[in-house]
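Asks: Mind having a look at this structure? Questions to follow.
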């Protein structure tokens with residue numbers, strides 16, 4: 001059974017305007033997203049700014065309550081469960097944020113930061129909590145001696161390790177990592193990525209890994225989902241989506257990544273125009289205005305989600321080309 | 001490259017006074033930029049790449065910063081020590097700049113058109129009407145659709161990619177000899193980045209400009225530059241043409257950087273190669289090679305003295321390392 005199952009998840013934000021601050025429109029930040037995540041696996045979620053990937057991560061964790069749909073963690077629907085039960089369920093799911101400078105309180109020591117989830121959930125005696133903090137620091141590759149220091153004394157990579165230690169404190173089954181390495185330099189980024197891969201291997205944690213960086217996502221993920229304007233347009237095993245992307249948006253996205261090899265120039269598919277506003281998405285396929293393979297039907301009918309993979313290896317794509 | 005270089009930077013030293021002491025952000029850096037070429041300056045945060053770019057523009061904030069040594073020659077004319085009034089004439093006319101965040105370069109309360117025509121009238125002495133025509137032409141050049149409509153819009157009405165195009169159009173408006181672009185596409189999404197990079201390469205060729213492109217992204221360097229310098233802790237670690245730099249990187253730092261980048265299409269869930277440790281504190285630099293502490297080829301000599309770049313600029317690749325690849 002899947003650890004996490006997301007069904008038709010939707011998150012709309014009202015847009016207020018005018019003198020009376022009436023709701024004049026809805027931003028469909030997440031619009032009918034479905035997928036499942038097995039225990040001990042990583043699903044990479046990619047897309048450009050405003051595609052809804054961070055909102056999706058937060059809606060799954062109930063940090064932002066979904067407008068509709070289901071988020072089923074170990075058989076329990078988080079959207080409909082009681083607040084008390086939800087608090088208990090929060091032990092199983094944690095988040096790692098992008099900016100290690102903003103996500104740690106500057107007035108708390110490393111130990112206080114990592115210990116906090118244990119205190120909130122009343123786990124262990126103070127002595128046990130401290131022992132746990134030491135253990136967690138070692139797990140993320142830091143010396144326990146740094147316990148009493150403050151975040152400003154650490155570099156970005158070290159802060160991200162502290163954030164990861166905090167996320168691990170409750171032995172969660174699911175971690176949503178929202179752009180966890182985007183603020184880090186290349187050489188430090190590799191260290192943190194390896195740490196995340198090791199945690200997944202050794203502890204069997206499932207990750208939802210959100211990033212705009214396709215190469216990073218490929219490196220850590222078993223499956224990759226591509227989002228555009230609130231919708232999941234393609235979902236497939238990682239090696240497959242990179243080898244054989246089917247959705248024209250995925251193809252464009254992949255070809256746009258600058259490659260550190262001057263000999264591999266120009267097989268690029270440059271898109272024209274910009275991402276439309278999610279307040280006013282085009283009818284039909286959300287990508288049709290920029291799609292190089294656009295057909296008549298694309299501007300009229302929302303494309304169905306099709307499975308174009310081999311038997312037993314689902315490869316989902318929402319595109320009329322494969323209908 | 002033949003002929004005299006357009007820009008020649010020699011032994012540039014930039015220092016900043018901090019409460020803890022003087023930090024040398026750029027330490028004896030030398031390079032040339034020729035006409036019709038793009039030079040990349042690449043490295044991680046704090047390596048001195050941005051400060052080098054600012055020094056060329058005469059924009060080191062002073063205090064706390066100052067150019068503590070060296071020279072910057074533009075067509076043989078010394079820029080270091082020029083009074084601000086003269087530098088202002090050079091900036092914009094001879095050297096233009098493009099920064100990471102386009103909103104810092106655009107004034108939110110004026111339309112795109114009025115900001116562009118201001119520059120064109122002032123530096124090229126055009127009438128309002130001529131300036132407007134020239135501005136529309138420039139906007140079209142940088143790939144803005146319906147420029148005659150866009151010219152009357154305000155910056156907030158444009159997307160991030162469009163704004164950066166407008167900034168590039170403004171940088172081009174005085175036909176500069178040199179453009180210094182600092183992370184021009186870092187704030188943009190990948191598909192927009194691809195559009196803007198393609199435009200930059202096209203314009204560089206069309207206008208026969210020289211360009212200094214400051215970036216942390218080796219992929220961007222590979223796709224846009226002719227030569228590059230790799231900086232580490234204020235020093236040049238490696239200086240090479242793009243071909244040899246990526247085919248045969250010689251400095252252990254360059255090698256480590258290239259290996260630690262995950263690449264699209266090479267799926268393997270194995271560990272990435274890692275450069276162990278961290279960048280040293282600029283206030284407490286070791287006497288020897290600054291990378292020694294993290295280097296897999298470290299020998300006793302590396303801790304004793306600072307390696308200088310080998311050979312001279314006639315070589316396709318130069319490296320500051322005692323035990324290069």
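Laboratory data are not the source of any read-out in this text; all were calculated from the coordinates shown. This is a predicted model, so every value here is computed, not measured. All Cβ positions, glycine included, derive from the backbone under ideal geometry; neighbour counts span all protein chains shown.
Asks: Rounded to the nearest 500, what is chain A's calculated 222 nm mean residue ellipticity when only DSSP H runs of at least 4 contribute -39500 (n - 2.57) each, over all residues?
Replies: On the way: 9 runs with 93 residues, N = 323.
Counting only the DSSP helices, I get -8500 deg cm²/dmol.
Asks: Checking the a/c ratio against 1.5 first, then a/b against b/c, what shape does the Cα gyration tensor give for the range A:63-216? Provide the component values of the computation, followed by the final result.
Replies: Working: a/c = 1.79, a/b = 1.20, b/c = 1.49.
In terms of gyration-tensor shape, oblate.
Asks: Something else: Could you tell me whether the range A:31-137 comes out rounded, prolate or oblate from its Cα gyration tensor? Rule is a ≥ b ≥ c as square roots of the eigenvalues, rounded for a/c under 1.5, then prolate if a/b exceeds b/c, otherwise oblate.
Replies: Values: a/c = 2.14, a/b = 1.51, b/c = 1.41.
Judged from the Cα gyration tensor, the range A:31-137 comes out prolate (a/c at least 1.5, a/b above b/c).
Asks: Then there's this: Remind me, relative contact order of the range B:78-186 in percent, using alpha carbon pairs under 8 angstrom and six or more residues apart? Mind showing how you got there, number by number?
Replies: On the way: 136 pairs, mean separation 48.4, N = 109.
This gives 44 percent for the range B:78-186.
Asks: Which order do peptides A:17-23, B:59-65, B:131-137 fall in by mean Cβ count within 10 Å, highest first?
Replies: Numbers: A:17-23: 8.4, B:59-65: 13.7, B:131-137: 19.0.
In decreasing order of mean packing, A:17-23, B:59-65, B:131-137 become B:131-137, B:59-65, A:17-23.
Asks: How much of the DSSP beta bridge set in the protein assembly as shown is antiparallel, as a percent to the nearest 5? Numbers along the way, then the final one.
Replies: Details: 59 of 96 bridges.
Antiparallel: roughly 60 percent of the beta bridges in the protein assembly as shown.
Asks: Further, regarding this structure: If each residue's Cβ is checked for other Cβ atoms within 10 Å, how do A:219, A:121, A:12 rank with the fewest at the top? Walk me through the numbers on the way to the answer.
Replies: On the way: A:219 28, A:121 14, A:12 17.
Result, fewest neighbours first: A:121, A:12, A:219.
Asks: Most exposed first by the Cβ proxy, i.e. fewest other Cβ within 10 Å, how do A:55, B:185 rank?
Replies: Arranged by neighbour count, lowest to highest, A:55, B:185 become A:55, B:185.
Asks: Quick one: order A:272, B:192 by neighbouring beta-carbon count within 10 Å, fewest to most.
Replies: A:272, B:192
Asks: Peptide A:273-280: average number of partner chain Cβ atoms within 10 Å per residue?
Replies: On the way: counts 6, 9, 5, 0, 1, 0, 0, 0.
Partner-chain Cβ atoms within 10 Å, mean over residues of A:273-280: 3.
Asks: Nearest 500 deg cm²/dmol is fine: what mean residue ellipticity at 222 nm does chain B get from its DSSP H runs of n ≥ 4 alone, each adding -39,500 (n - 2.57), divided by its residue count? Kindly include the intermediate steps, with their values, before the conclusion.
Replies: On the way: 12 runs with 111 residues, N = 325.
Computed mean residue ellipticity for chain B: -9500 deg cm²/dmol.
Asks: To continue, here is another question. Sort the protein assembly as shown into rounded, prolate or oblate with this rule: let a ≥ b ≥ c be the square roots of the eigenvalues of the Cα gyration tensor; rounded if a/c is under 1.5, and if a/c is not under 1.5, prolate when a/b is larger than b/c, oblate otherwise. Could the numbers behind the result be given before it?
Replies: Working: a/c = 1.79, a/b = 1.23, b/c = 1.45.
Taking the square roots of the gyration eigenvalues as a ≥ b ≥ c, the protein assembly as shown is oblate.
Asks: Quick check: the angle from helix B:84-93's long axis to the longest principal axis of chain B, C-alpha only, nearest 10 degrees?
Replies: That helix lies at roughly 70 degrees to the long axis.
Asks: Shifting gears a bit: Partner chain Cβ atoms within 10 Å, averaged over the residues of A:212-224 - can you pull that number for me? Numbers along the way, then the final one.
Replies: On the way: counts 2, 3, 4, 7, 4, 2, 8, 11, 3, 2, 1, 0, 1.
Mean partner shielding for this stretch: 4.
Asks: Related question: With contacts defined as alpha carbon pairs under 8 Å and 6 or more residues apart, what's the relative contact order of chain B in percent?
Replies: Numbers: 598 pairs, mean separation 66.1, N = 325.
That works out to 20 percent.
Asks: At residue B:137 and residue A:49, where each label point lies 7 Å from the Cα along Cα→Cβ, what is the point-to-point distance in nanometres?
Replies: The modelled label-to-label distance comes out at 3.2 nm.
Asks: Can you tell me the relative contact order of the range A:166-223? Whole percent, Cα pairs under 8 Å, sequence separation 6 or more. Numbers along the way, then the final one.
Replies: On the way: 45 pairs, mean separation 25.2, N = 58.
Computed over the range A:166-223, the figure is 43 percent.
Asks: Any chance you could give the angle, 0 to 90 degrees and rounded to 10, that helix A:186-203 forms with the longest Cα principal axis of chain A?
Replies: With both axes taken from Cα atoms, the answer is about 80 degrees.
Asks: Quick check: pseudo-label points 7 Å beyond the Cα along Cα→Cβ at residue B:93 and residue A:306, how many nm apart are they?
Replies: Computed distance between label sites residue B:93 and residue A:306 equals 6.2 nm.
Asks: Still on this structure, I have one more. Cα axis of helix B:112-124 to longest principal axis of chain B: angle in degrees, 0 to 90, nearest 10?
Replies: So the helix axis and the longest Cα principal axis differ by about 80 degrees.
Asks: Let me ask another. What FRET efficiency, computed as 1/(1 + (r/R0)^6) with R0 = 45 Å and r the Cβ-Cβ distance, is obtained for residue A:149 and residue A:280, rounded to the nearest 0.05?
Replies: Working: r = 49 Å, r/R0 = 1.09.
It comes to 0.40.
Asks: Per-residue mean of other chain beta-carbon atoms within 10 angstrom of the beta-carbon, peptide B:221-232?
Replies: Working: counts 3, 8, 9, 2, 1, 1, 0, 0, 0, 0, 0, 0.
Mean shielding by partner chains, rounded to a whole number: 2.
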